[in-house]
Amino acid sequence: IFFDNVDYSIIPEFYAIADVGVIPSLCLEAFGLVVVEFLASSVPVIASDVGAMREIIDLENKSGILVENNDNFINNLTRSMNTFLAMDPKTLNYYKKNSIINSKKFSKDKYIKNFLTIIERISNEEN
């Protein structure tokens, strides 16, 4: 689905209708906010295994799939998308539940707490 400019306040409505979010980045992503937004909306993610994606998507607890960025990228991406489309409802709900849980690691409060911890650590090292 493609739209012109969409007001940010209604973006969650678009996420809510998705079964899976697909982020096929070919360049390094410092941090993929859209990935966290999908996860927070109970939408598992298929993303390129580049940049911070490995840190954001919890493979162990199944909140998404990472696709290696190599010569087989398109085929692997297609295979991963087909995996989600063919997934039984129980497994898909497991991914959806874990997506929400995983997104909480990136809340504003956690970000501020971690940032202040780093500042404090740097400050203590200088003293």
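The values are calculated or read from the model by the stated rules, or taken from the named source; none is laboratory data. Bear in mind the structure is a predicted one, so any value in this text is a computation, not a measurement. Every residue, glycine as well, gets a Cβ built from its backbone with ideal geometry; the counts of neighbours run over all protein chains shown. Accessible surface is based on the protein model in full, side chains and every heavy atom, while ligands, DNA and RNA are left aside. Shrake-Rupley method; radii C 1.70, N 1.55, O 1.52, S 1.80 Å.
Hand me the list of helices (runs of 4 or more DSSP H) wholly inside the stretch 60-127 holding 3 or more residues that are in contact (Cβ under 8 Å) with a residue 12 or more places away in the chain. Those helices (runs of 4 or more DSSP H) span 73-85, 89-103.
Within the stretch 85-94, identify whether any single residue is under 15 Å from the mean Cα position of the chain (by Cα) and within 29 Å of F2 (Cβ to Cβ), and answer yes or no.
Within the stretch 85-94, none of the residues are under 15 Å from the mean Cα position of the chain (by Cα) and within 29 Å of F2 (Cβ to Cβ).
Taken together, the residues in the stretch 109-123 that are open to solvent by 100 Å² or more (accessible area, probe 1.4 Å) and of a type outside the set (F, W, Y) amount to 6.
Of the residues making up the stretch 41-55, those that are out of contact with any Lys or Arg (no Cβ under 8 Å at 6 or more places or on another chain) and open to solvent by 10 Å² or more (accessible area, probe 1.4 Å) are S41, D49, V50, G51, A52, R54, E55. Reported count of residues in the stretch 1-17, each being surrounded by 10 or more Cβ atoms within 10 Å (Cβ to Cβ) and not in a helix (DSSP H, G or I), is 1. In the stretch 18-36, the qualifying residues are those that are open to solvent by less than 70 Å² (accessible area, probe 1.4 Å) and touching a residue at least 60 places away in the same chain (Cβ under 8 Å), and the one that is farthest from D58 (Cα to Cα) is V20. Can you name the residue in the stretch 76-108 that is hydrophobic (A, V, I, L, M, F, W, C) and open to solvent by 80 Å² or more (accessible area, probe 1.4 Å) and, of all such residues, is farthest from L39 (Cα to Cα)? Once the filter is applied, the top-ranked residue is A86.
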